[in-house]
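Chemist: Here it is: the structure, laid out below.
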C-alpha cells in the first residue's frame, strides 16, 4: 500500500513539476540572452536641443566634443595652474634630492658581537 502512495506522488511530480521546471529554464535562458539587448535601446542618449540651449558638442572643454577650445582667460588660468604644479613638483624633488645627499654621509651604527 505504501508503494501505491509513493507512485501517486511520484507521477504527479514527474508529470507537473519537471516539465514546468525544464520549460522555465529554457524560457529564462532565452529571455536572459535576448531581452536586455531589446530593452537596452541606444547606448548613448539622444540630446534634444531646445531654443536657448547649447548642444553638448558645442561646449568649450566638453570631452564629448571636438578638441578643447578655451577662451584666452581660461587658458591662461590653466597654464598658470600647470606651471604652479610643475614648480611644486620640482621643489619637492629638490628637497628629496637634498635629503638623500645628507643621508648618504650617515653611516649606520655597528653593534659589537656579544659573547653570549
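Chemist: Is it the case that some residue within the stretch 49-61 is touching a helix residue (DSSP H, G or I) at 6+ places or on another chain (Cβ under 7 Å) and modelled with pLDDT under 60?
Modeler: Initial filter on the stretch 49-61 (touching a helix residue (DSSP H, G or I) at 6+ places or on another chain (Cβ under 7 Å)): none.
Taking every residue of the stretch 49-61 in turn, none turns out to be touching a helix residue (DSSP H, G or I) at 6+ places or on another chain (Cβ under 7 Å) and modelled with pLDDT under 60.
Chemist: Being out of contact with any strand residue (DSSP E or B) (no Cβ under 9 Å at 6 or more places or on another chain), modelled with pLDDT of 85 or more and either exposed (fewer than 10 other Cβ atoms within 10 Å of the Cβ) or in a helix (DSSP H, G or I) (or both) is the requirement here; does residue 88 meet it?
Modeler: Numbers: out of contact with any strand residue (DSSP E or B) (no Cβ under 9 Å at 6 or more places or on another chain): yes; modelled with pLDDT of 85 or more: yes; either exposed (fewer than 10 other Cβ atoms within 10 Å of the Cβ) or in a helix (DSSP H, G or I) (or both): yes.
Taking the combined requirement at face value, the residue satisfies it.
Chemist: Filter the stretch 65-85 for residues that are modelled with pLDDT under 60 and surrounded by 10 or more Cβ atoms within 10 Å (Cβ to Cβ) and give the result.
Modeler: Start the filter on the stretch 65-85 by keeping residues that are modelled with pLDDT under 60, which leaves 65-68.
Result: 65, 68.
The values are calculated or read from the model by the stated rules, or taken from the named source; none is laboratory data. No experiment lies behind these values; they were computed from the predicted model shown. No Cβ is skipped: glycine too gets one built from the backbone with ideal geometry, and neighbour counts run over all protein chains shown.
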